[in-house]
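Beneath this line is the structure, given in structure tokens, with notes to follow.
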Amino acid sequence: MCYAFPVRTGTPSRTALAAAAHRAAHQVLEGGRIFSDPLAVRILGQDAESVAREAEQNPSRGVMRIFIAVRTRFAEDALAAAVERGARQLVVLGAGLDTYAYRNPFGGLLRVFEVDHPATQAWKRERLKAASIPVPDSVTFAPVDFERQTLAEGLAAAGYEPAQQTFFTWLGVVPYLTEDAVWSTLAFVAGQPGGAHVVFDYGDPPETLGPEARAYHDRHASRVESLGEAWVTYLEADALRTRLLGLGFSEVEDLGPAQIAARYFPDRAGAQRERGGHVVRASRIPRRN
Ligand SMILES: C[S@@+](CC[C@H](N)C(=O)[O-])C[C@H]1O[C@@H](n2cnc3c(N)ncnc32)[C@H](O)[C@@H]1O
């Protein structure tokens, strides 16, 4: 997999920290109404007041905070449904400070592999220790620098079992990758012999956005670029669906802004724009004879 932005040796991802701060702020400011995470504030190592203060000083980031809450809720609901259907492994790709592994309600039934750049993963492990968050036996860390190692190699070294039905979460990563890297990862997921599900998020191409959404996009894109992690890949929903089906995924659920509003904010659904951020689940479960 090839990241479009140069990885700064030894430096943890700054966008991973920003995403974690949004999840924490959602707990404090909205009471975790969309996505409840009792560890989100703790793992940041800040108190609730400073989390709230920082978020309130940057009100324009509220849209991103809500989107991050929605994508995480969508992923965790889809994961729970997949476990019902037999998924027994979770791979958190580009995990950042995601806390699912430390509040995994399925315990030993669901093995969790956290895959991330070694520098970000080492920083996370320090954060977990500092926050006294125990690491359950069900968790395996798989440090992988995708510029040097493939996902297949990294997972094999961590004891991943391809024959088990597996759920992959891949949140907040696709926009930062080259399109080739996105498709090679999706092909890997689709090819898992035990069957697989993947949830990821992406944005509509900026040139297709209306003026308000475009202005918001441009502001946020400049911010992540200034952190050294630019957005480079956008996808078109129809073409994405066609290509996912072509890879062998038999179920594709893609929620754009209107569907997100209808599902998570029914009172405000009519006011939502048509284009912007999407969250997708694609599944391929082989038939058993
Ligand atoms: C925007 S963060 C998303 C983090 C997390 N999924 C979340 O939603 O909070 C992008 C992630 O990609 C990881 N990443 C960046 N470059 C990488 C590389 N070369 N190899 C492995 N992971 C990388 C970063 O360490 C970071 O955790």
Every residue in the stretch 46-73 that is touching a residue at least 24 places away in the same chain (Cβ under 8 Å) and among the hydroxyl-bearing types (S, T, Y), please. S60, T72
Elements of type helices (runs of 4 or more DSSP H) contained in the stretch 183-289, each with 3 or more residues being under 30 Å from A163 (Cα atoms) and at pLDDT 95 or above: 237-247
Would you confirm whether or not the stretch 135-149 contains a residue that is among the acidic types (D, E), assigned to a helix (DSSP H, G or I) and in contact (Cβ under 8 Å) with a residue 40 or more places away in the chain? no
With T15, T11 as the choices, which residue is crowded, with 20+ Cβ neighbours inside 10 Å, modelled with pLDDT under 95 and not aromatic (F, W, Y)? T15
Anything in the stretch 95-113 that is among the aliphatic types (A, V, I, L, M) and farther than 11 Å from K124 by Cβ? List them, or say none. L109, L110, V112
Given the conditions (1) of a type in the set (D, E); (2) part of a helix (DSSP H, G or I); (3) touching a residue at least 40 places away in the same chain (Cβ under 8 Å), report the number of the one that D37 does not fulfil. (2)
Give the residues of the stretch 76-98 that are assigned to a loop (DSSP other than H, G, I, E, B), touching a strand residue (DSSP E or B) at 6+ places or on another chain (Cβ under 7 Å) and at negative phi, sorted by residue number. A87, R88, A95, D98
Would you be able to tell me the number of residues in the stretch 149-191 that are within 11 Å of the ligand (Cβ to nearest atom) and not β-branched (V, I, T)? 10
Evaluation of A78 against (1) at pLDDT below 95; (2) under 20 Å from V280 (Cα atoms); (3) small (G, A, S) (one fails), failing number: (1)
Condition broken by G248, with the remaining ones in (1) in contact (Cβ under 8 Å) with a residue 24 or more places away in the chain; (2) over 21 Å from the mean Cα position of the chain (by Cα); (3) under 22 Å from V70 (Cα atoms) satisfied: (3)
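Does at least one position in the stretch 241-250 carry a residue that is crowded, with 19+ Cβ neighbours inside 10 Å and either aromatic (F, W, Y) or out of contact with any Asp or Glu (no Cβ under 7 Å at 6 or more places or on another chain) (or both)?
Yes - at least one qualifying residue is present in the stretch 241-250.
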Collect the residues in the stretch 71-110 that are of a type in the set (V, I, T) and either within 12 Å of the ligand (Cβ to nearest atom) or buried (at least 23 other Cβ atoms within 10 Å of the Cβ) (or both), keeping them in residue-number order. T72, V91, V92, T99
Of (1) at positive phi; (2) away from the ligand (no atom under 16 Å from the Cβ), G228 fails just (2)
Selection count, the stretch 196-220, where residues are crowded, with 22+ Cβ neighbours inside 10 Å and either closer than 19 Å to F146 by Cα or out of contact with any helix residue (DSSP H, G or I) (no Cβ under 9 Å at 6 or more places or on another chain) (or both): 2
Search result, residues across the stretch 151-182 that are under 23 Å from L235 (Cα atoms) and assigned to a loop (DSSP other than H, G, I, E, B): L171, G172, V173, T178
All conditions in (1) over 25 Å from A18 (Cα atoms); (2) within 20 Å of the chain's Cα centre (by Cα) are true of I285 except (2)
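The values are calculated or read from the model by the stated rules, or taken from the named source; none is laboratory data. Bear in mind the structure is a predicted one, so any value in this text is a computation, not a measurement. As a convention, Cβ positions derive from the backbone with ideal geometry for all residues, glycine included, and neighbour counts pool all protein chains shown.
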